[in-house]
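K.L.:
Please see the structure below; I have some questions.
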Amino acid sequence: IAQEINHYKEVKNVHDLPEIAIYWANKYLLPIALPFGFASVNEFYCLYVRRIQAFPQETYHFISIGAGNCDMEAELVETLLKGGLKNFTLECLDINQQMLDRGLALAQKKALAPKMQFTCSDINGWQPKQQYHIVIANQSLHHFVELELLFDKIDNALHPQGYFLTHDMIGRNGHQRWPEALEIVSELWATLPERYKYNHLLKRVEEEYDNWDCSTEGFEGIRAQDILPLLVEKFRFDLFLAYANVIDIFIDRCFGHNFEANDPHDQAFIDKVHQIDQTAIEEGRIKPTHITAAMTKKSLNTEARVYKELTPEFCIRWADNLNQSQKMPDNFSL
């Protein structure tokens, strides 16, 4: 935990992405999201804020778990205020006080502080202050070890008609590729010139792709593969969008900077990888590594809206050491 806190205390931009990732998202991810009523993560969260406004309440309580520098949260508060919502507070919860201090400074700079609260705690010590109409976990679930405890606390703290919203990563632990996806990555890797193989995070050229385990030096992807099975067990889905696997390798912070977003040759390669990736996902040969999802309490009778046939159950990639009885518990259903 100390290592994790120390790593992020000076990280001022945790969401920066290579331009090629923006190219891919605009061309392929945006068309998936638009039919569901949003074009950005901010719009996704606002979509569900508008839904809870149907329930009369003196003050709406929102919380973002693992808020970090609170930049997304500040943007969300700004959007809500501009949209006319006044009777709400957004609590930012994180284990790192230095990051929360940056969030407070940002809130004060933008005159948002009256609408934002800042709580420094780990999940074991977190005591919810009230029931929350919306609970957000934005790219934070893959940093948690105590997922079962976290989801229990979220379930208990969630308003009976509230929403638990997440935009996160659900691939193999440590953001590794499972063998079936690694085979595709390796085949594509073999076609690339050396200049595309420089790892900008690890500062090295990888002649052969190294299936690096990011969780060995911190909590990055520490239990990513357990997130989706546990969410399905604990909550009911209202919206579930799952996407991307192989494409991650070529557009992320490690290798994405090697590709030029405006270069036709590089665009063509990314287009090719996406098509291979998407076909394999839809056929079930590999599983998605990202989700954008809205959940409710299990007791609510909601029917999940999904992209194509990519339901939550279909998108789970069970670990190889699980037998069939472990994979499909009796209560495993939407």
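The values are calculated or read from the model by the stated rules, or taken from the named source; none is laboratory data. Just so we're clear, the structure is a prediction, and the values are computed from it rather than from any experiment. Neighbour counts are summed over all protein chains in view; Cβ atoms, including those assigned to glycine, are modelled from backbone coordinates with ideal geometry. Heads up: the accessible areas ignore ligands, DNA and RNA and are worked out on the full protein's heavy atoms, side chains in. Shrake-Rupley method; radii C 1.70, N 1.55, O 1.52, S 1.80 Å.
K.L.:
For region 48-88 and region 255-302, compute the distance between their C-alpha centroids and round to whole Å.
P.N.:
28
K.L.:
Mind listing which GluC sites (Glu not before Pro) in region 239-319 are in a DSSP loop and have 10 or fewer other Cβ atoms within 10 Å? Numbers along the way, then the final one.
P.N.:
Numbers: sites: GLU260, GLU282, GLU283, GLU303, GLU309, GLU313; in loops: GLU260, GLU283, GLU303, GLU309.
For GluC sites (Glu not before Pro) across region 239-319 that sit outside H, G, I, E and B with at most 10 neighbouring Cβ atoms in 10 Å, the list reads GLU283, GLU303, GLU309.
K.L.:
Suppose each label sits 7 Å from its Cα in the direction of the beta carbon; what would the THR191-GLN108 distance come out to in nanometres?
P.N.:
5.4
K.L.:
Subtracting the Cα-Cα distance from 0.36 nm times the residue separation, let me have the gained length for LYS272 to LEU202 in nm, one decimal. List each step's numbers first, then the result.
P.N.:
On the way: separation 70, 0.36 × 70 = 25.20 nm, distance 2.61 nm.
The span from LYS272 to LEU202 would gain 22.6 nm if fully extended.
K.L.:
Name the residue farthest towards the positive end of the dipole of the chain from the options THR191, ALA39, SER215, assuming +1 on Cβ of Lys and Arg, -1 on Cβ of Asp and Glu, about the Cα centre.
P.N.:
Sorting the options by dipole projection puts first ALA39.
K.L.:
In addition: Which entries of LYS109/LYS153; LYS115/LYS153; LYS27/LYS82; LYS197/LYS272 have Cα-Cα distances beyond 26 Å here?
P.N.:
Details: LYS109/LYS153 32 Å; LYS115/LYS153 23 Å; LYS27/LYS82 29 Å; LYS197/LYS272 17 Å.
Checking Cα-Cα distances, LYS109/LYS153; LYS27/LYS82 exceed 26 Å.
K.L.:
I would also like to ask the following. So, R0 is 56 Å and r is the distance between the beta-carbons of PHE314 and LEU81; what FRET efficiency does that work out to, to 0.05?
P.N.:
0.90
K.L.:
Follow-up question, since we're still on this one. Got a number for carbon plus sulfur as a percent of the chain's accessible area, 1.4 Å probe?
P.N.:
Values: 7770 of 15340 Å².
Ligands and nucleic acids excluded, carbon and sulfur give 51 percent.
K.L.:
Related question: Show me 144-153, 189-198 ranked by packing, highest mean number of other Cβ atoms within 10 Å first. Present the calculation step by step, with values, prior to reporting the outcome.
P.N.:
Values: 144-153: 16.9, 189-198: 12.3.
Packing order, densest peptide first, comes out as 144-153, 189-198.
K.L.:
Please compute the contact order of the chain in relative form: average sequence separation of alpha-carbon pairs under 8 Å and at least six residues apart, divided by the residue count, as a percent. Don't skip to the end; give the middle numbers.
P.N.:
Numbers: 551 pairs, mean separation 61.5, N = 334.
The value is 18 percent.
K.L.:
Which whole-number value in Å² is the accessible area per residue of the chain, probe 1.4 Å? Don't skip to the end; give the middle numbers.
P.N.:
Numbers: 15340 Å² over 334 residues.
Spelled out: the 1.4 Å probe surface of the chain, per residue, equals 46 Å².
K.L.:
State, to one decimal in nm, how far the label point of GLU183 lies from the label point of LEU30, with both points 7 Å from Cα in the Cβ direction.
P.N.:
Placing both labels 7 Å along Cα→Cβ, they lie 3.5 nm apart.
K.L.:
About its Cα centre, what dipole magnitude does the chain give when the only charges are +1 on Lys and Arg Cβ and -1 on Asp and Glu Cβ, stated in debye to the nearest 20? All intermediate terms of the calculation are to be shown ahead of the outcome.
P.N.:
Numbers: 32 positive and 47 negative charges, 250 e Å.
Around 1200 debye, computed over the chain.
K.L.:
May I ask you to order 114-126, 73-85 by the average number of other C-beta atoms within 10 Å around their residues, highest value first? Before the final figure, lay out each step's value.
P.N.:
Details: 114-126: 15.5, 73-85: 17.5.
Peptide ranking by packing, descending: 73-85, 114-126.
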